[in-house]
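Worksheet for the structure shown next.
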Amino acid sequence: MRVAILGVGTVGEQVAKILIQNAELISARSGKNITPVVGVVRNLNKKRDVNFELTDDINSVISRDDIDVFVELMGGVDEPYKIVSEILKRKKAVVTANKALLAYYRYELANMAGETPFGFEASVAGGIPIIKTLREGLSANDIQSIKGIINGTCNYILTSMMRDGANFSDVLKKAQDLGYAEADPTFDVGGFDAAHKLLILASLAYGINARPEDILIEGIERINDADIYFANDFGYTIKLLAIAKKTANGVELRVHPTLVPKDHMIAKVDGVMNAVSIVGNAVGETMYYGAGAGGAATASAVISDIIDIARGISSPMLGYKTQNAVSELKLLDKDEILTHYYIRLKVEDRLGVLACITNLMSQNSISIDSFLQTPNFDDGDMTTLFFTTHTSREADVKHVLALLRDQEFIKDEPFMMRIEQ
Ligand code: HSE
């Protein structure tokens, strides 16, 4: 079987290398010899550690009849959509690691592909076979929830902040130097990369056709030393979680920094590693852990898709032969999310301030669960107040924060995080 690699960067190089290095095993497992025959690059002058034909003319490659599988590793959304559409029109198999492309166009691509194989194992959590897990391994289950640490950069940053008291910008710089972050790190720290991956998982679990704009996405940029102090003091760690949850009122899809009790399994996943916990109604909780990024780990997922194609294995791309069982499931409106909240307020430290805050909360159906004021965060005539709430409605919490923002005793933008119990 002949493979073209569109985009020979860190992952593309590893795809070619592993196909060659493990050729005998791969051939024994797939029943075919799988050979990388051509790679497309933007800059032909850049030195690459591969020994197959390279070209910068993508159109000449996608029209070739002697290629059986096209591996798209270009990145971006609109350009790869155009290219992949062309390939699918020619009924040629596609494998991609491109989560942004799928976050926007997975249903269009699934329609276009029809019976043509389309693999995207590498698009979520790199080396963890999470697509296969949801689509094949857990296909008997009604999925109750998915909670994932699926952005290694954020997990690396938050781990360093929690463990070593590192400061956000310094540790982001380090993550970039180590090559974990996306070209534009806003995609990582703003939660967008995790949201793209969550949308892919939500299609497999719930058949939900949502786009990034439709779901709640918050990043980790505003977490500071006071939040780290509170988390440590109250037995939590902070993780950027991607959450999909089936509730009586609809499917919650959200990505945000989250306070997670330290004894939860997912709280123990540190550094650049990824992990996904999935609860199915038959199987109970299952958890998957591994490298979410990096050339070799991502290539491992890409090649598993190529091997499936060689074996002739075909599952419905997004997990459903018909939408009957999931057609009733709707995305829950962001404002209707019900959870526990943490609120941090920097205020003037004077008579009546706390009473005014708690009044505003109670008038808006926010019930306080715990409260902390500590001299550690006194700052002249100001101090920081920390609250956690009982289960509250997202819209109510946002409304209270908007009201608080207008009080003259509030000295900084109020900050809120959600808590997973
Ligand atoms: N920037 C991503 C991460 C890479 O940090 O997890 C893998 O998608």
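No lab work stands behind these numbers, since they all come straight from the coordinates. Here the structure is a predicted model, which means the values were calculated and not measured. As a convention, Cβ positions derive from the backbone with ideal geometry for all residues, glycine included, and neighbour counts pool all protein chains shown.
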**Asked** Of Gly294, Ile34, Asn59, which is farthest on the positive side of the dipole of the chain, counting Cα position, with +1 on Lys and Arg Cβ, -1 on Asp and Glu Cβ, and the Cα centre as origin?
**Response** Ile34
**Asked** Between Lys89 and Lys411, what length comes free when the chain is fully extended (0.36 nm per residue of separation minus the Cα-Cα distance, one decimal in nm)?
**Response** 110.1 nm
**Message:** For a protection proxy built on the mean count of beta-carbon atoms within 10 angstrom, sort 304-312, 1-9 highest first, please.
**Reply:** 1-9, 304-312
**Message:** Rg over Rh of segment 338-419, using C-alpha atoms and the Kirkwood radius, what does it come to?
**Reply:** 0.94
**Prompt:** Over all directions, what mean area does the Cα convex hull of segment 83-226 project, stated in square nanometres?
**Reply:** 10.1
**Asked** Based on Cβ point charges of +1 for Lys and Arg and -1 for Asp and Glu, what charge dipole magnitude is obtained for the chain about its Cα centre, in debye rounded to the nearest 20?
**Response** 1340
**Prompt:** Along the principal axes of its C-alpha atoms, what lengths does the chain span, in descending order and rounded to whole Å?
**Reply:** 79, 49, 34
**Request:** Can you bin segment 2-127 into rounded, prolate or oblate? Criterion: square roots of the alpha carbon gyration tensor eigenvalues sorted a ≥ b ≥ c, rounded for a/c under 1.5, prolate for a/b above b/c, oblate for the rest.
**Result:** rounded
**Request:** Name all residues of segment 85-107 having a backbone nitrogen under 14 Å from the label point set 7 Å from the Cα of Asp214 along its Cα→Cβ direction, giving them as ranges.
**Result:** 103-107
**Fill in**
For Asp57 and Leu178, extending 7 Å from Cα along the Cα-Cβ vector and measuring point to point gives, in nm, a value of 4.3
**Prompt:** Assuming R0 = 45 Å, what is the FRET efficiency of Lys330 and Asp65, from their Cβ-Cβ distance, to the nearest 0.05?
**Reply:** 0.55
**Complete:** Measuring from its Cα centre, segment 1-151 shows a charge dipole (+1 at each Lys and Arg Cβ, -1 at each Asp and Glu Cβ) which, in debye to the nearest 20, is 180
**Asked** Which of Ser139, Gly280, Tyr206 sits farthest toward the positive end of the charge dipole of the chain, with +1 on the Cβ of Lys and Arg and -1 on the Cβ of Asp and Glu?
**Response** Ser139
**Item:** Beta bridge orientation in the chain: antiparallel %, DSSP, nearest 5
**Value:** 70
**Complete:** Residue-ordered couplings for segment 237-251, obtained by feeding phi - 60° into the Karplus form 6.51 cos²θ - 1.76 cosθ + 1.60 and rounding to whole Hz (Gly and Pro as x), are 10, 10, 10, 7, 9, 9, 10, 10, 9, 8, 10, 4, 9, x, 9
**Message:** So if I take the centroid of the Cα atoms in segment 375-421 and the same for segment 177-247, what is the distance between those two points in Å?
**Reply:** 21
**Prompt:** Hey, what do the phi angles of segment 214-222 turn into as Karplus ³J(HN,Hα) couplings, whole Hz, using 6.51/-1.76/1.60 and θ = phi - 60°, x for Gly and Pro?
**Reply:** 7, 10, 7, 10, 10, x, 9, 5, 9
**Message:** Can you divide the C-alpha Rg of segment 134-291 by 2.2 N^0.38 Å and report the result to two decimal places?
**Reply:** 1.03
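At a Förster radius of 35 Å, what calculated FRET efficiency corresponds to the Cβ-Cβ distance of Ser367 and Glu221, to the nearest 0.05?
0.75
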**Request:** Return a single number: how many Lys pairs in segment 2-127, at a sequence separation of 8 or more or on separate chains, have alpha-carbon atoms below 25 angstrom apart.
**Result:** 13
**Item:** Between 0 and 90°, nearest 10: helix 353-363 axis offset from the chain longest Cα axis
**Value:** 60
**Item:** Contour minus Cα-Cα distance for Ala395 and Thr247 (0.36 nm per residue)
**Value:** 51.6 nm
**Extreme residue, positive dipole direction of segment 2-127, given options Ile87, Val69, Gly126 (C-beta unit charges)** = Gly126
**Prompt:** So, in Å, what gap is there between the alpha-carbon centers of segment 311-343 and segment 1-17?
**Reply:** 32
**Request:** Set the Förster distance to 25 Å, then compute FRET efficiency between Arg311 and Val77 from the Cβ-Cβ distance, nearest 0.05.
**Result:** 0.25
**Message:** Counting only helical runs of four or more DSSP H residues, what would the 222 nm mean residue ellipticity of the chain come to if each run contributes -39,500 (n - 2.57) and the total is spread over all its residues?
**Reply:** -10500 deg cm²/dmol
**Asked** Relative to the compact globular guide of 2.2 N^0.38 Å, what is the alpha carbon radius of gyration of segment 202-272, as a ratio?
**Response** 1.28
